[in-house]
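**Student:** One structure follows; several queries about it will come next.
None of the figures in this text is laboratory data; all of them are computed from the coordinates on show. These numbers come from a predicted model, not from an experiment. Cβ placement follows ideal geometry from the backbone for every residue including glycine, while neighbour counts extend to all protein chains displayed.
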Amino acid sequence: MRRALVLVPLLLACGAPVPSTQDSGPHARIDAPPAGRATSDRPDDVTGPQVHLFYVVPADGEDRQLDLDGTLARSVAAWNGWLGRELGGAGFRLDTAGGELDITFVRLSQDEASLTARGAYVRDALEDELSSRGDVGPQHPDKLAAVYYDGGSTWACGGGAWPPALVGRVAAMYLRGTPPGAPPCAGNPFSPDGVATGYLEFAMVHEILHTVGAVATCAPNHALDGHVGDDPTDLMYAGPLPWQPSRLDVGRNDYAGHGRADCLDLTRSALLGGDQRPPGW
């Protein structure tokens, strides 16, 4: 099963400021731009399963330096802070190095047209190339890759794996996507302050959750391959109503905090310090 996120209307939701350490390295400031560009994974501040960030451009693409100017750092701080508030604790363990968010910059070998021609499978192409470079996969067995691809897609604004149907380690946003019948993905702004959450923040968490296996088919409200169909304010909703994400697992009975041992539960995820690794890892 190949995964693709269909563009939905942007919804801005602001919350109170939260600490930006989020169980990363000691004294890490994930909302601060890195001191310099990294082209490979830097030494980790902490061990264990974690989310590593990538800023990726096609061979012929414009490098907007979103990894250097604080744009991605603020967006990550916003979405991980929101997740932590919804869970009543910390968000995902993020890969930090030297007290700052570790973001790897990659210029791909393929041009944008070649990648866009993959249609619904841009995410797969990104994972294939990053794996061939050694940036994801067996060399980094504890890392999920959150990829900001500054290129296009005619299918969606993002995509993720969905194990066990599709095992993978890349969750991606397509920052220049142009899905049919929807506004261009580039019209969605990043968080301006590391707190406010909009479409790009919710969509990245949505794709990360797909990549760890949510929503599993055993969930009572499972719908449309990896989503829930009961409430359009749910982060993982898909259905006939406009997506208006603001809550994590409405009712706490599908994918986060339901307490069942026989169905994937985000609160037990190894990326949150639990013992449940994504299927296929």
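**Student:** Return yes when A219 is buried (at least 20 other Cβ atoms within 10 Å of the Cβ) and in a loop (DSSP other than H, G, I, E, B) and no when it is not.
**Tutor:** Taking the combined requirement at face value, the residue satisfies it.
**Student:** Could you run through the range 179-196 and say how many residues are outside any loop (DSSP other than H, G, I, E, B) and in contact with a strand residue (DSSP E or B) (Cβ under 7 Å, 6 or more places away or on another chain)?
**Tutor:** The qualifying residues number 1.
**Student:** Which of the residues spanning the range 79-131 are within 21 Å of A32 (Cα to Cα), aromatic (F, W, Y) and more than 15 Å from the chain's Cα centre (by Cα)?
**Tutor:** F105
**Student:** Give me the pairs: first residue in the range 190-204 and over 11 Å from L83 (Cα atoms), second residue in a loop (DSSP other than H, G, I, E, B) and of a type in the set (D, E), beta-carbon distance under 7 Å, and six or more apart or on different chains, which are they?
**Tutor:** Correct list of pairs: G194/D31.
**Student:** Within the set of pairs 6+ apart or on separate chains, which have a first residue in the range 147-160 that is acidic (D, E), a second that is surrounded by fewer than 24 Cβ atoms within 10 Å (Cβ to Cβ), and C-beta atoms under 6 Å apart?
**Tutor:** These pairs meet every condition: D150/V57; D150/G61.
**Student:** What helices (runs of 4 or more DSSP H) completely inside the range 53-167 contain at least 2 residues that are among the aliphatic types (A, V, I, L, M), at negative phi and touching a strand residue (DSSP E or B) at 6+ places or on another chain (Cβ under 8 Å)?
**Tutor:** 71-87, 122-133
**Student:** Out of the range 252-281, which residues are at positive phi and in contact with a Pro (Cβ under 9 Å, 6 or more places away or on another chain)?
**Tutor:** Within the range 252-281, G273, G280 meet the criteria.
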